[in-house]
Amino acid sequence: MLHANGPLLTVDVGERTATETSIEDLLADTVGGRATATALAHERIPFDADPFGPENRAYLSTGPLQQSRMSFTGRMNMTGLSPLTDGLVSTNAGGYLSRNFVDTAISVLELTGKSDEPLAVHVTDSGVEFEPVPELAGATVPETSDYMDEHHGLGPEHCIAIGPAGENLVRFASVMTFDSRAFGRGGLGAVLGSKNVKCVTFEGDAKEAVEVDIPSSPTTDVHREAAQSDDLMRRQGTTGSTEFINDNFSLPTRYFEDYEFENAAHIGGDAVEAKKYKKGACSACAYACKLPTRDEDRGVETEGPEFETVYSFGSLQGVGDIVDVMQANDLCDTLGMDTISAGVTVAAYLASEDEFGNAALAREITERIAHREGVGDVLAEGVARCHDDLGVDDYTVKGMEFAAHDGRVLHGQGLSYAVANRGADHMYAGMLGLEYSGELDPEGTLGKAETLVTMENHNVFRDTGIICAFGSDYVTEDRLEALFDADYTTLLDIGARTVERERHFNNRRGLDRDDDRLPYEIPDFEDALTEYYDARGWNYDGTVADRAAIAVDSSVPSAD
Ligand code: SF4
């Protein structure tokens, strides 16, 4: 089976040491990306770790396809213990980092320990250097990457960086790359902040040392089809679906008071396309669905917003002006915050103040959150921890704020939000696509568990390979089999073991059925939960049945 090559590089930023460990057997078992990082995290982060403690570990990992020239492969995975959900999270970002990472000839970077001063870590193909950067304390993401460019000739495509939000331990701080691409969900930016790691750069010329043999046939076909596609998404990114989703009553509005937004057309795909001034892409991707936008009148320039930001800083806040949403998007990227969790948290604040539609106030609050100023200090904890103070309902699962795609209408998606180890994130299983298309009836939860399990397992493998979520029509099951030289069921098994490792880790931190909850009712929920656990072979209480089932393989090196 095709898999990534190269050692695990462990960087202890407290001790300022770098150690390489061979993980050849582990990569042969788990391929790379999310599956490999989750296996490492499960074994090497103590079950009782403090997310902000030096014992927490953050993993940045590649799959084998990051060495290909195929579209949809300009992606990287990050995994760690989340300060937002208190469980394991994996998150995925595009941009141009993946090829520079591969050039350093490692497969996984592991960051552990805690530096006593702001630090830049430089990973090269010939070693690791540590650079104290006290002058970057409080710097924004672009200021940090500009500094790296000026002092080291390494542009934002070589960097991961955090902004003030990460430094200030905002629980939904993101790790940014290429200034505008986010490892967004779950607050791993705050984990880097707790370690005093301001940025990590990657530079090298050693990819031959980790070369993999990728079959040319599906690669060429996928690339050609991506380049020739006339999908609306190539012009409007994910925002092209805004009005369709609104028409399906799945665009949460004014902090979940409503299901549709009267101004959806003003913030949807056509509005975004009108502001787009050039094509945008990730490395090697001919599909090029990204959205560099600008508004000259107000001097706003950003990349996006994507649909989820149109929801979180648009409909959910009652804001119907696309330039306001662009501005909020830029603010979150610059300060280093997940646009979904930040937007939902700001919407909760606007609800508490009866200020829906006040975009200027939303921007002010967003800044305050990143700097933990005034009420921003409370909001920086996220909705689950601050909703009582605000006097609003808690629209989260396991502490993570909801993506759009309303589970009150799409019941299979609602079930997916409830059981996802990562919390209320739409990318964990993606039942929404089946329910929007009518392939699955959106009404009801019973009988959907098997499909949900398959979707979760598939998405793990997608994040393991690593393939962009938007490439699923092109990188089909038979092409996955050809690319990885394995049956599709073998690939799904890697997904299943990974979901189980996440679940087992979370169980050991006290999460179980009582945490697989929604803040609203959907039909037959308790029976559907039981169906899901049965389909997974788990206990009635949502715990993993058999420790042996997740087999601490001898291939995972212990941290001791
Ligand atoms: S489809 Fe879009 S998001 Fe995915 S890799 Fe290509 S450009 Fe990046």
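A few notes on this one:
- Residue-normalised accessible area of the chain, expressed per residue, 1.4 Å probe, Å²: 34 Å²
- Where GluC sites (Glu not before Pro) fall in DSSP loop in region 359-444, at most 12 other Cβ within 10 Å: E439, E443
- D354/N539 FRET efficiency (R0 30 Å; Cβ-Cβ; nearest 0.05): 0.10
- The alpha-carbon positions of region 155-204 define a convex hull whose volume is 65 Å³ per residue.
- Projected over every direction and averaged, the convex hull enclosing the alpha-carbon atoms of region 199-336 yields 11.3 nm².
- Cut-off under 5 Å, modelled amide H: who pairs with T17 long-range: D12
- Taking chymotrypsin sites (Phe, Trp or Tyr not before Pro) across region 17-86, the ones in a DSSP loop with at most 15 further Cβ atoms lying within 10 angstrom of their Cβ are F47.
- The H on the amide N of L440, modeled in the peptide plane, is under 5 Å from the matching H of E435, each at least 5 residues off or on a different chain.
- Calculated from backbone phi, Karplus (6.51, -1.76, 1.60) coupling profile of region 488-495 in Hz, x at Gly/Pro: 4, 5, 5, 5, 5, 4, 4, x
- Taken along its three principal axes, the alpha carbon spread of region 1-126 comes to 40, 30, 28 Å, from the longest extent down to the shortest.
- For region 270-324, applying the loop criterion from DSSP together with a ceiling of 14 other beta carbons within 10 Å to the chymotrypsin sites (Phe, Trp or Tyr not before Pro) yields Y277.
- Within the full protein context, the accessible area of R298 is estimated at about 100 Å² for a probe radius of 1.4 Å.
- DSSP beta bridge pairing in the chain, given as percent antiparallel to the nearest 5: 80 percent
- Structural descriptor for the chain: relative contact order 16 percent, calculated from alpha carbon pairs under 8 angstrom and at least 6 residues apart.
- Residues of region 465-505 falling in the label zone of S437, defined by backbone nitrogen less than 17 Å from a point 7 Å along Cα to beta-carbon, are 468-480.
- Rounded to the nearest Hz, the phi-derived 3J(HN,Hα) couplings of region 524-531 under the Karplus curve 6.51 cos²θ - 1.76 cosθ + 1.60 (θ = phi - 60°) are 6, 4, 5, 5, 5, 4, 4, 4, where x marks glycine and proline.
- Cα gyration tensor shape for region 303-380, rounded if a/c is under 1.5, else prolate or oblate: oblate
- Region 173-266, relative contact order [Cα under 8 Å, separation at least 6], %: 12 percent
- The Cα trace of region 461-526 gives Rg and Dmax of 16.2, 44 Å, the first to one decimal, the second as a whole number.
- Virtual paramagnetic centre 7 Å along Cα→Cβ of T220, amide N under 12 Å, in region 455-484: none
- Estimated vicinal HN-Hα couplings, Hz - region 30-47 in sequence order (Karplus 6.51, -1.76, 1.60; Gly, Pro = x): 10, 6, x, x, 5, 5, 5, 5, 5, 4, 5, 4, 4, 8, 10, 9, x, 4
- Size descriptors for region 299-429: radius of gyration and Dmax over Cα atoms are 14.0, 42 Å.
- In terms of its C-alpha gyration tensor, region 114-168 comes out oblate, because a/c is 1.5 or above while a/b does not outweigh b/c.
- Solvent-free Debye scattering, log10 I(q)/I(0), computed from the Cα coordinates of the chain at q = 0.08, 0.09 Å⁻¹: -0.46, -0.59
- Taking a ≥ b ≥ c as the square roots of the eigenvalues of the alpha-carbon gyration tensor, region 399-523 is classed oblate because a/c is 1.5 or more while a/b is no larger than b/c.
- Amide H within-cut-off set for E303, under 5 Å, with H built and near neighbours excluded: T293
- Derived value for region 1-52: Kirkwood hydrodynamic radius 12.3 Å. Basis is the mean of 1/r over every pair of different alpha-carbon atoms.
The values are calculated or read from the model by the stated rules, or taken from the named source; none is laboratory data. Just so it is clear, the model here is predicted, and its values are computed rather than measured. Ideal geometry is used to build each Cβ from the backbone, glycine not excepted, and the neighbour counts take in all protein chains shown. With ligands, DNA and RNA removed, areas are computed over all heavy atoms of the protein, side chains included. Shrake-Rupley method; radii C 1.70, N 1.55, O 1.52, S 1.80 Å.
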